[in-house]
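The values are calculated or read from the model by the stated rules, or taken from the named source; none is laboratory data. Please read all numbers here as calculations on a predicted model, not as lab measurements. A quick note on method: Cβ atoms are made from the backbone with ideal geometry, for glycine too, and the neighbour counts reach across all protein chains shown.
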Amino acid sequence: MIVSKMKISDISKSKSTLLLVLSMCLGFLFCTCSSVKNETARPNVLFVAFDDLNDWEGAMFGHPQSITPNIDRLAAKGVLFSNAHSVATMCCPSRTSVITGLRPTTTGVYKNTDTPLDLYKSKRTLNRHFKENGYFVAGAGKILHKFHYEKSDWHEFVGRHQEDGVVGNRENPEKENITKLSGNIAWGSFSSPDSLTFDSKTVDWVKDRINRDHDKPFFLACGIYRPHIPWFVPEKYFDQHPLKEVKLPLVKEKDLDDVPLSGKNIAYSTSNFSNDNDLHNTEGNSEHEAIKKADLWHEAVQAYLASVSYADAQFGRLLDALEYSKYADNTIIVLWSDHGWQLGEKEHWRKATLWEEVTRVPLIIYDPKNTGNDECRQAVSLIDIYPTLIELCGLPPIDALEGESLVPQLIDPKAKRTSPAISSLTPDFHSIRDDRFRYTSYGNGEEELYDHETDPHEWTNIADDKNYKELKERLKTYIPTNAQKPTKGIYNKQNQE
């Protein structure tokens, strides 16, 4: 009997021990599952960058014949920042500012020929910050100039798609359809389907990552190359814009008459300032005169419209993939363009100016936690994207960032901003854009001032009007001081992208 009681006691102790172990295991599993759940509950980010896309979207009313149903669809469910501006007016400096959260006057990257490679290594880039805070970070296409990327800052990245049969971003397989003006301004249609185009392959790659099972939140970047020149896209997009029906942008004859010499130098540039002598060009705009002489203005506008429609169609495929995925309700979408493009306004045919057609860009942010479409008409900047995503995703803040979070405007588009949008072209050339006015200073006493309430096309320079002296003095206070000199490096010796 005594032995039996001892066995029963041992059994009871064993049960107690087993229950304790099981409860500990269950507790551990519960904590682990909770941790995973919290990790995956953090919002994902789809980060979409277009190249050289100005305000020619339906939602932005930049051109009456634009066909952009997919960008417009996103604008209809997110917040459209209709007065958004690039920090710089060329690919390299604009993208550098977005990815680092720093202005050209801080980094020294103003032009495509300024080299930011050391900067990417030394600063905490947007994608690195997400990666180091538990996100799966991947991307494809053109996110940074020259398709550059730091391997250590991404889990996966593919810049250029070089599979057999793919039409490259600068290629047209049907040479007989190419119209070439000067430099790298060219356009033409081809019969290859979308599926064999460069941007389509970029979208396919990002779509594949969207459709995977993720055990952590993702940050996926998609760089759509069009409507960057050359304007080579499938024929069906040209057909959407019949040449005989194409409308030219509104222009004013002799619009440069009231623009100071430095502004004329900008208009006359045909190299995006890769040649420093452009800043001293007083001989007139050879490209604009060539387009008029050859009667190619309508063709060029058609080609740009076609390229915008093509780019929108590729984005639509990406948006469809996300909306039909299991991540649709927990993914923030940010759509932006690095800068705009002029098509004859002020006799200019490129980027790299400080006028509205180049600084104003589409910026749309969709946050599934703040649903309900709206429009923010206040002046904002692309440099605001970085701090906005940090706040939306609950990442540690970075004090060095020079932008201002847009979260207050995502909640209430009328919430007041503390500063205007600032765009820089050189250490001395800066433009200040607030909700109504644009003020541009060339650092040598030459100025421009435009009132967008009465002059949305910036046709009348009122900088010398004494009635605006007080306003000018206020806007001048935002001109950057102690601007860094251009960062020279290997980009100064290479062709532009």
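The table that follows gives values for the structure above.
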quantity: Among (1) part of a loop (DSSP other than H, G, I, E, B); (2) within 27 Å of the chain's Cα centre (by Cα), the one test that residue 283 misses; calculated: (2)
quantity: Looking only at region 182-235, and only at residues there that are hydroxyl-bearing (Ser, Thr, Tyr) and within 18 Å of residue 166 (Cα to Cα), the one that is nearest to the chain's Cα centre (by Cα); calculated: 225
quantity: Residue satisfying all of: in region 38-84; of a type in the set (Ser, Thr, Tyr) and at pLDDT 95 or above; surrounded by the most Cβ atoms within 10 Å (Cβ to Cβ) among these; calculated: 68
quantity: Residue count for region 145-180, restricted to those that are buried (at least 18 other Cβ atoms within 10 Å of the Cβ) and within 22 Å of residue 300 (Cβ to Cβ); calculated: 3
quantity: Residues (out of contact with any strand residue (DSSP E or B) (no Cβ under 7 Å at 6 or more places or on another chain) and part of a loop (DSSP other than H, G, I, E, B)) located in region 55-72; calculated: 56, 57, 58, 60, 61, 62, 63, 64, 65, 66, 67, 68
quantity: Whichever residue in region 102-139 is touching a Lys or Arg at 6+ places or on another chain (Cβ under 8 Å) and over 13 Å from residue 152 (Cβ atoms) and, among such residues, is surrounded by the fewest Cβ atoms within 10 Å (Cβ to Cβ); calculated: 134
quantity: Filter pass, residue 295 being over 30 Å from residue 221 (Cβ atoms), part of a loop (DSSP other than H, G, I, E, B) and free of Cβ contacts under 8 Å to residues at least 12 places away in the same chain; calculated: yes
quantity: Pairs where the first residue, in region 126-143, is within 20 Å of residue 383 (Cβ to Cβ) and the second is β-branched (Val, Ile, Thr) and assigned to a strand (DSSP E or B), C-beta under 9 Å, 6+ apart; calculated: 127/137; 128/137; 130/45; 130/137; 139/158; 142/224
quantity: Residue match in region 368-377 (condition: over 30 Å from residue 186 (Cα atoms) and crowded, with 20+ Cβ neighbours inside 10 Å); calculated: yes
quantity: Qualifying residue in region 248-267 (condition: in contact (Cβ under 8 Å) with a residue 40 or more places away in the chain, over 17 Å from residue 349 (Cβ atoms) and of a type in the set (Asp, Glu)); calculated: yes
quantity: Selection status of residue 260, crowded, with 19+ Cβ neighbours inside 10 Å, at negative phi and over 23 Å from the mean Cα position of the chain (by Cα); calculated: no
quantity: Filter result (in a loop (DSSP other than H, G, I, E, B) and within 29 Å of residue 323 (Cβ to Cβ)) within region 73-100; calculated: 78, 82, 83, 86
quantity: Residue match in region 407-414 (condition: without any contact (Cβ under 8 Å) to a residue 60 or more places away in the chain, in a loop (DSSP other than H, G, I, E, B), of a type in the set (Asp, Glu) and over 30 Å from residue 108 (Cβ atoms)); calculated: yes
quantity: Checking residue 424 against (1) over 28 Å from residue 275 (Cα atoms); (2) under 23 Å from the mean Cα position of the chain (by Cα), the condition it does not meet; calculated: (1)
quantity: Qualifying positions in region 298-349 - part of a loop (DSSP other than H, G, I, E, B) and buried (at least 24 other Cβ atoms within 10 Å of the Cβ); calculated: 338, 339, 340, 341, 348, 349
quantity: Residue count for region 457-480, restricted to those that are out of contact with any Ser or Thr (no Cβ under 7 Å at 6 or more places or on another chain) and touching a residue at least 60 places away in the same chain (Cβ under 8 Å); calculated: 5
quantity: Qualifying residue in region 443-460 (condition: surrounded by 14 or more Cβ atoms within 10 Å (Cβ to Cβ), assigned to a loop (DSSP other than H, G, I, E, B) and among the β-branched types (Val, Ile, Thr)); calculated: yes
quantity: Lone qualifier among 362, 396, 408 - being surrounded by fewer than 24 Cβ atoms within 10 Å (Cβ to Cβ) and under 21 Å from residue 221 (Cα atoms); calculated: 396
quantity: Per-region count, region 152-181, residues within 21 Å of the chain's Cα centre (by Cα), over 24 Å from residue 270 (Cα atoms) and either part of a strand (DSSP E or B) or of a type in the set (D, E, K, R) (or both); calculated: 5
quantity: Whichever residue in region 85-94 is aliphatic (A, V, I, L, M) and either closer than 16 Å to residue 421 by Cβ or in contact with a strand residue (DSSP E or B) (Cβ under 8 Å, 6 or more places away or on another chain) (or both) and, among such residues, is surrounded by the fewest Cβ atoms within 10 Å (Cβ to Cβ); calculated: 87
